[in-house]
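For reference, the structure is listed below as structure tokens.
Values in this text are rule-based calculations from the coordinates and carry no lab data. Computed from a prediction, not measured in an experiment: that's the story for all the values here. All Cβ positions, glycine included, derive from the backbone under ideal geometry; neighbour counts span all protein chains shown.
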Amino acid sequence: MNAFVEGVRDILPAELRKRRGIYQTIREVFEANAYREVITPTLESLELYAGIEGLVDKSEMFKVVDDRGQILVLRPDLTMPIARLAASRFQDSPRPLKFSYLSSAFQSKNSQSLSLKEKTQAGVELIGSASLESDLEMIMLLIKTLKKVGVEAPLIDIGHADLINEIFADLKIAENEKVELRKLLAAKNKIGVKNYLRKVELSEDAEDVLLRLPSLFGSPKKVIEVMKEMPLSQETKEVLKTLSGLFSRLKELELLDYITFDPMLISRHGYYTGLIFKGYARGYSNLLASGGRYDNLTEKFGVEEPAVGFALEIENLLDYLNRTENFAEDQEKRFLLSYQSDSDMQLAFELAEDLRRAGFVAEVYNGANKEYLDFQQVNFEICLEADKLELKQNGGASAVIERNQKEALEYLILNKIEEWE
Amino acid sequence: MDNLCIAMAKGRLAKEAVKLFRQAGYDLPENMLKSRKLIFEIESEKFEIILVKPADVPIYVEYGTADLGIVGKDTLLEENRDLYEVLDLEYGVCEFALAGLPDRKDTLLERKVATKYPDFTRRYFRSKGEPVEIIKLNGSIELAPLTGLADTILDIVETGRTLKENGLVIYESIRDLSARLVVNKVSMKTRQDEIAAIIEALDEVVSGDDSNA
């Protein structure tokens with residue numbers, strides 16, 4: 001039997017402890033910012049996702065057929081279910097709606113790094129607000145979350161979905177040819193753009209702009225300055241003005257050091273309509289988070305309302321933290337208790353419970369050998385004997401404690417451990 | 001900060017790449033490729049250069065293990081990875097072409113195409129709306145039409161000499177190819193200054209050659 005499935009994996013205790021730490025931090029930040037967590041079903045209807053351009057290709061979704069022949073999917077993303085919630089059960093609730101989530105998303109083919117079919121995503125959605133302040137709030141929250149989980153130097157790359165559209169609006173190019181040019185610009189493929197310009201006829205101004213775009217990104221101030229001088233359409237200038245506003249607010253908040261600007265930033269998720277942003281860490285070459293504004297997404301449910309959100313890629317975040325060893329891991333102490341006489345069983349369990357109450361991990365087991373102690377990562381062993389107990393550091397010192405009164409035992413044990421440290 | 005990691009496609013492209021970097025004023029040892037080492041720390045330039053199989057260059061760069069890569073466009077087209085392709089290095093020039101025996105069968109039915117580039121071939125014929133059977137081979141593609149394994153091959157053609165010596169002719173030129181500089185999408189942002197400097201320096205050498213020619 002081959003019981004292994006490619007692209008999915010077991011999460012074992014050591015990793016799970018780290019994950020729990022991250023989960024907890026993220027949940028605390030989200031909840032403290034009033035983004036209440038929801039859990040949506042693992043199974044969604046195919047219709048929810050079908051026909052949303054640029055979200056997930058139909059062929060990349062896991063499909064399940066239920067007993068009535070209806071096609072379901074394992075949710076490939078977590079934004080759609082929340083949009084569904086907002087448009088249905090929370091249709092009449094006051095806006096803005098603030099939700100957070102931390103769940104798995106499933107995709108059969110994942111072009112992104114760490115090609116897992118099951119990915120963990122944690123994120124927030126702010127639905128029903130189109131203001132600059134809500135865009136700002138998202139970026140602030142992302143920076144805060146990244147820093148809290150241990151990303152020392154987060155970097156948020158900002159773009160705007162309308163920029164590329166507006167720059168295109170002015171060009172007299174056939175729609176199907178625009179697709180190619182868009183791809184080239186998104187890939188910063190200067191060579192491609194150069195070759196492309198040989199095929200189409202454009203004004204000198206337009207050619208100049210297109211050729212400069214692939215290398216135009218980085219410091220928001222510099223990029224905006226360059227673009228201000230470019231012969232761009234009125235609409236493009238409007239978008240730039242909005243972004244300038246955002247950047248100056250970020251500067252006031254002393255967050256501009258974390259920000260870069262890429263006018264040709266394009267998301268894999270084609271549903272973004274305004275602000276787009278991605279979260280990175282200096283020195284790590286994978287995506288940690290992505291987000292943006294998706295004002296059209298709830299339209300599908302007959303309700304049109306603005307929304308903005310982001311998702312953290314937990315597996316990449318773990319990978320980054322593993323490399324930088326930036327885990328804020330609490331080093332809990334682990335005890336193993338054993339007894340020789342059956343009459344001591346009760347004492348062993350009581351003592352174990354006392355230790356647990358004091359915040360330690362404790363287990364009672366009489367058959368432990370060295371291998372078992374190591375596997376369970378036991379730090380201290382307590383052996384109850386007739387008139388004394390032996391306290392042993394796993395692979396280290398040991399001490400004998402007299403058994404006079406039970407109450408004092410825990411105190412004596414902890415005292416001894418402190419002494420050793 | 002860590003050294004900038006550059007992945008080069010083992011073989012001729014790497015040799016040219018080292019030459020190019022040297023011309024651009026980077027301090028790479030001239031004979032570095034003579035050894036069998038696969039990883040080189042160039043402390044003076046803060047580079048780490050790794051030599052990998054051509055098809056693996058895009059993978060190293062997409063995953064961010066390498067920040068930059070130098071690889072042929074043929075490999076990029078086949079691998080179809082999510083990368084920034086920033087510079088045409090204008091060497092390793094060749095083309096993708098369809099070739100076969102001189103008496104090409106006219107019929108589109110049951111055409112068999114042998115290639116080292118199955119993914120690109122699939123996309124190419126799909127875009128033309130032609131149904132073909134693709135046979136993936138790992139080398140000596142020219143043998144396929146000679147032995148009857150396939151009637152057409154899709155391969156890179158540089159001078160056309162190998163084809164000619166095996167009695168094959170080009171049916172169709174598909175597109176030009178050359179070596180490219182590719183960049184990891186995140187590194188481009190997180191290490192912008194270092195990477196921009198390299199792009200500029202290499203671009204100067206490449207474009208400079210152009211004006212001399």
Per residue of B:185-196, other chain Cβ atoms within 10 Å number on average 6
Computed for segment A:334-420: size of charge dipole around the Cα centre, +1 on C-beta of each Lys and Arg, -1 on C-beta of each Asp and Glu, debye to nearest 20, value 180 debye
Of all DSSP beta bridges having both residues in the protein assembly as shown, the percent classed as antiparallel (nearest 5) is 70 percent
The alpha-carbon pair-distance distribution computed for chain A, with 10 angstrom bins and whole-percent values, is 4, 18, 22, 20, 14, 10, 7, 3, 1, 0
A chain fully extended from B:ASP2 to B:SER140 at 0.36 nm per residue, minus the present Cα-Cα distance, gains in nm 45.6 nm
Per the rule of 0.36 nm per residue minus the C-alpha distance, extending A:VAL179 to A:SER59 adds in nm 41.1 nm
Here, B:LYS34 and A:GLU325, labelled 7 Å along Cα→Cβ, have an inter-label distance in nm of 4.0 nm
In Å, the C-alpha Rg and Dmax of segment A:334-420 are 11.8, 33
If the chain between A:GLN393 and A:THR242 were fully extended at 0.36 nm per residue, the gain over the current Cα-Cα distance would be 48.1 nm
Computed about the Cα centre, the charge dipole of segment B:32-111 from +1 Lys/Arg and -1 Asp/Glu charges at the Cβ has a magnitude in debye, to the nearest 20, of 400 debye
Mean Cβ-within-10 Å packing, highest first, puts peptides A:5-12, A:74-81 in the order A:74-81, A:5-12
Note: A:280-288 gets an average of partner chain Cβ contacts (10 Å, Cβ to Cβ) equal to 6
Neighbours of A:GLU305 by Cβ distance under 10 Å: Lys/Arg at +1, Asp/Glu at -1, summed charge -2
Phi angles of segment B:55-63, converted by Karplus (6.51 cos²θ - 1.76 cosθ + 1.60, θ = phi - 60°) into ³J(HN,Hα) in whole Hz with x for Gly and Pro, give 5, 8, 4, x, 5, 4, 6, 5, 6
The farthest towards the positive end of the charge dipole of the protein assembly as shown, of the residues B:GLY139, B:LEU77, B:PRO58, given +1 on Cβ of Lys and Arg and -1 on Cβ of Asp and Glu, is B:GLY139
Mean other chain Cβ within 10 Å across A:185-191 is 6
Too long for a 21 Å Cα-Cα cut-off, among A:LYS222/A:LYS251; A:LYS228/A:LYS251; A:LYS178/A:LYS278; A:LYS18/A:LYS144, are A:LYS178/A:LYS278
Sorted on mean Cβ neighbours within 10 Å (highest first), peptides A:124-131, A:249-256 come out as A:124-131, A:249-256
antiparallel share of DSSP beta bridges within segment B:94-176, to nearest 5, in %, is 60 percent
Note: segment A:1-77, point scatterers on Cα, Debye, no solvent; log10 I/I(0) at q = 0.25 Å⁻¹ equals -1.07
Treating only Lys and Arg (+1) and Asp and Glu (-1) as charged, each at its beta carbon, one finds that the protein assembly as shown has a dipole about its Cα centre, in Debye to the nearest 20, of 1060 debye
Helix-only [θ] at 222 nm, chain A, -39500 (n - 2.57) per DSSP H run of 4+, per residue, nearest 500, equals -12000 deg cm²/dmol
Counting sequence-distant residues (5 or more places) and residues on other chains, those with an amide H built under 5 Å from that of B:ILE174 are B:PHE96, B:ALA97, B:LEU98
Protection proxy (average C-beta count within 10 Å per residue), highest first, orders A:380-389, A:182-191, A:276-285 as A:276-285, A:182-191, A:380-389
Sequence order, segment B:42-51: Karplus ³J(HN,Hα) from phi using 6.51 cos²θ - 1.76 cosθ + 1.60, θ = phi - 60°, Hz rounded, Gly and Pro as x, gives 9, 4, 4, 9, 6, 10, 10, 10, 10, 9
Most exposed to least, judged by fewest other Cβ atoms within 10 Å, A:MET345, A:MET1 sort to A:MET1, A:MET345
The farthest towards the positive end of the charge dipole of the protein assembly as shown, of the residues A:PHE217, A:ILE158, B:LEU87, given +1 on Cβ of Lys and Arg and -1 on Cβ of Asp and Glu, is B:LEU87
Stokes-Einstein, Kirkwood over Cα pairs, segment A:1-154, 37 °C, 0.692 mPa s; D in µm²/s equals 188 µm²/s
FRET efficiency (A:ASN404, A:TYR372; Cβ distance; R0 41 Å; to 0.05) is 0.85
Taking Cα atoms only, helix A:190-199 is inclined relative to the longest principal axis of chain A by an angle, in degrees rounded to 10, of 30 degrees
Taking every other residue with Cβ under 11 Å from the Cβ of A:ARG357 and scoring Lys and Arg +1, Asp and Glu -1, one gets -3
